[in-house]
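The values are calculated or read from the model by the stated rules, or taken from the named source; none is laboratory data. Everything quoted here is computed from the prediction, not taken from an experiment. Every residue, glycine as well, gets a Cβ built from its backbone with ideal geometry; the counts of neighbours run over all protein chains shown.
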Amino acid sequence: MAYTTTTTTAHSSNILASALSLLAKPFVGFWNLLILMAESGPRMEQVRRLNDMSDEQLAAKGTTRTAEVQRIFGHGMYL
């Protein structure tokens, strides 16, 4: 009894995927830049500090998480 192994590759689908990946790179890079800019802003630092605080710590300061989010983002954000 003989055993054979056959392997086929679909070159056209690999070329298409490669071309689409190449075309998407500038857009992915731009999107990553926007995310980096948003995450390095002063509001995100305030949000990180807010996330590190417990509800008990906020209550001791006489505020709530919702009030702090509204203070950080101003009137541009509705909860």
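List every residue pair whose Cβ atoms sit under 7 Å apart, with the two residues 6 or more apart in sequence or on different chains, where the first one lies in segment 36-59 and is loosely packed, with under 10 Cβ neighbours inside 10 Å and the second, anywhere, is not hydrophobic (A, V, I, L, M, F, W, C).
Partner pairs satisfying both residue conditions: 55/65.
Of the conditions (1) at positive phi; (2) modelled with pLDDT of 90 or more, residue 74 fails just one. Which one is it?
So residue 74 meets the others, but not (2).
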